[in-house]
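To start, the structure under review is shown below, and the notes come after it.
The values are calculated or read from the model by the stated rules, or taken from the named source; none is laboratory data. Quantities reported herein were computed from a predicted structural model and do not represent experimental measurements. Virtual Cβ from ideal backbone geometry, glycine too; neighbours counted across all protein chains shown. Side chains are part of the model used for accessible areas, which takes the heavy atoms of the whole protein and leaves out ligands, DNA and RNA. Shrake-Rupley method; radii C 1.70, N 1.55, O 1.52, S 1.80 Å.
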Amino acid sequence: MPQPAVLQVSHLQKVFFPGTLNERHVLKDVNLTIDPGDFIAVIGNNGAGKSTLLNTIAGTLPADAGHLTLAGHPVTKRSVAYRSHWLSRVFQDPKLGTAGELSVAQNLTLAASHTGSLSLRRYRRRGQTERYRKLLATLEMGLEDRLNVQVKYFSGGQRQALSLLMATLSQPDLLLLDEHTAALDPKTSREVMDLTQRIVTTHRLTTLMITHKLSDALRYGNRLLMVQDGQIKLDVRGAAKAALRQDQILQLFAE
Ligand SMILES: Nc1ncnc2c1ncn2[C@@H]1O[C@H](COP(=O)(O)OP(=O)(O)OP(=O)(O)O)[C@@H](O)[C@H]1O
Ligand SMILES: [Mg+2]
């Protein structure tokens, strides 16, 4: 039997301040199917509707019309908590993905308690510390030696790496990344992108990643979406994506 789409969005509409002078039609009949294993980079101008699309997928914003199906489950009217069975998010602000007052170990325990995964429960019994050290070592940022340090003392890059680890502990069906490297310096941004790539590949995670960095949109993922004025203007994958050049995208932005 063919695997169901990870996400099916049909005829999605979002209007802010309807019926007022400030009415803004932000998503205009968006249709999108995300297949298992897709790693999609989403680009588009400021205000194009990229974050609104992610927010309506995650459920933090209700859809005004249309349907959303996550891993075969209709979720259009369902809560953020319900949808989090299948999806995880990492935001632009490194402070949002981790609790600063808690230690690294406490943050991981918090994330693990959401997964309910058998393997983690087993690990907890056998020796939580060793499990955490191993997980943190995969980040290659030396965090495995700082398990008891409060996260607020870490750099943005370290916090973002930890956010990624926490967001993917539960092996989500869909990982949503909204400019998760935008607040980082170029070197750290590259490190976090490479880490993202490693995690996505290792766990074969299906991923939707918004970025303003065209070079990242071209370098990472198998598929590229361009959102313009609330619609998907470009959707390329595989060889067509690999053949795409930065100047062609810039041309599309100019249109
Ligand atoms: N909760 C909200 N209430 C009212 N208007 C909103 C809300 N969220 C977004 N908007 C408006 O919707 C439009 C699209 O915003 P959105 O954040 O989706 O753009 P974006 O493509 O993510 O842009 P950026 O690249 O700047 O992050 C903008 O005009 C924005 O002001
Ligand atoms: Mg945005």
Handout entry: Unit charges on C-beta of K, R, D, E only; dipole of segment 143-255, Debye
Key = 220 debye
Exercise for the section: Compute the relative contact order of segment 1-96 as a whole-number percentage, counting only Cα pairs closer than 8 Å that sit 6 or more residues apart in sequence. Expected result: 31 percent
Exercise for the section: Report the Stokes-Einstein translational diffusion coefficient (µm² s⁻¹, integer) for the chain, Rh taken as the Kirkwood radius over Cα pairs, at 10 °C with viscosity 1.306 mPa s. Expected result: 83 µm²/s
Completion exercise
Taking protein heavy atoms only, a 1.4 Å probe, and rounding to whole percent, the accessible area of the chain owed to carbon and sulfur comes out at 51 percent
Problem - Inter-site label distance for K28 and S155 at 7 Å from Cα along Cβ, in nm - result: 4.3 nm
Fill in the blank from the handout: Given a 1.4 Å probe, the accessible area of the chain per residue, as a whole number of Å², is 50 Å²
Handout entry: Qualifying lysines (Cα of each under 27 Å from Cα of K14; at least 8 residues distant if same chain)
Key = K28, K50, K77, K213, K233
